[in-house]
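Let me begin by presenting the structure, written as structure tokens, before commenting on it.
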Amino acid sequence: MSTQKVAIVTGSARGIGAAVARRLASDGLAVAVLDLNADSCADTVKSITDAGGKAIAVGADVSDADSVAAAIDKVVAELGAPTVLINNAGIIRDNMLFKMTVDDWDSVMAVHLRGAFNMSKACQKHMVDAGWGRIVNLSSTSALGNRGQANYSAAKAGMQGFTKTLAIELGKFGITANAIAPGFIATDMTAATAARVGMDFEEFKKANAAAIPVARVGEPEDIAHTASFFASEGAGFVSGQVIYVAGGPRD
Ligand code: NAP
């Protein structure tokens, strides 16, 4: 049996998740590239295997416990027990509170919070068995409040409380749980936000960069680098933390 560690990265067909999957693979882990549709994972898997890494595509809806259970079974059978979990899958359904529908609210809660819960619950028993594990949850600077994102900001603040509780409950099994709270990262998600406010994406990025101390917007690799640190062997004494990766301070 190989001693290669196995990671699952949710929502890794594109964007931040794809960059995290590639980075963990280059760190030497076997990676399950999980997204709603297995076919959409092909590009991420190919970029990993072309670079000499190991990856499989897994189709699953993280908000559905049965779908998650089937996905974990597939990962265990094809790669081995997952001991690194990156809860990255996410959606936005932005609107001002008075226009936000119950469906907008529930969909966002279901993917971010129920999704992270389903995945963490399903993976933790493999981590407990191994006496080692790393859980990394994607929060956001929106957790601090953001106009038009009552649902998303509540979910991303929720991810922080969830992370701290996992750290407390699972620490004695050698498992750490931490959260990354990105600022503006150039992906399809922020491109969709630009479209919603009627701005060209390049102009939108420039306008956002002007308010960021390091004078640029973030790239998915900025988040991948942080995830790699949290997943590393040496980060075993870092748990229950939220790190803002936003090109400047946040509190
Ligand atoms: P993205 O480009 O929209 O990618 C999100 C991925 O998640 C998509 O591939 C999507 O699949 C997948 N997904 C959605 N619902 C899912 C479900 N129920 N089950 C499995 N996969 C699902 O987003 P991103 O910008 O890379 O963001 C990644 C994470 O970082 C999210 O949690 C986001 O909230 C967070 N974040 C992003 C930013 C930013 O500036 N971009 C800032 C802070 C936090 P489909 O394509 O099939 O829908």
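Read the figures in this text as sums done on the coordinates, not as results from a lab. Predicted model only: the values in this text are computed from it and were never measured. Don't worry about glycine lacking a Cβ; one is built from the backbone with ideal geometry, like all the others, and counts go over all protein chains shown.
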Net charge of neighbours whose Cβ lies under 15 Å from the Cβ of Ile92, counting Lys and Arg as +1 and Asp and Glu as -1: +1
Gain in length, Glu221 to Val197, computed as 0.36 nm per residue apart minus the alpha-carbon separation, to one decimal in nm? 6.1 nm
The chain, dipole about Cα centre (Lys/Arg Cβ +1, Asp/Glu Cβ -1), debye to the nearest 20: 540 debye
How high is the FRET efficiency between Lys121 and Ala77 when r is their beta carbon distance and R₀ equals 22 Å, given to the nearest 0.05? 0.70
Give the lysines whose C-alpha is closer than 18 Å to that of Lys54, dropping any in the same chain fewer than 8 places away, or say none. Lys5, Lys46, Lys74
Give the residue from Thr163, Val68, Phe204 lying farthest towards the positive end of the charge dipole for the chain; charges sit on Cβ (+1 for Lys and Arg, -1 for Asp and Glu) and the dipole is referred to the Cα centre. Thr163
So for each of 80-90, 141-151 I average, over its residues, the number of other beta carbons within 10 Å; can you give me the resulting order with the highest mean first? 80-90, 141-151
Taking the convex hull of the alpha carbon atoms in the stretch 114-232, what volume per residue do you get, in Å³? 114 Å³
Of the listed peptides 59-70, 236-247, 189-200, what is their order by residue-averaged count of other C-beta atoms within 10 Å, with the highest listed first? 59-70, 236-247, 189-200
For Gly28, what charge total do you get from the other residues with a beta carbon under 14 Å from its beta carbon, if Lys and Arg give +1 and Asp and Glu give -1? +3
Proximal charge balance of Gly161 [Cβ under 15 Å; K/R count +1, D/E count -1]: +2
Using just the helices of the chain, give the 222 nm mean residue ellipticity in deg cm²/dmol: DSSP H runs with n ≥ 4 each add -39,500 (n - 2.57), and the total is spread over all residues, rounded to 500. -13500 deg cm²/dmol
Length released on extending from Ala69 to Ile168, taking residue separation times 0.36 nm less the Cα-Cα span: 33.2 nm
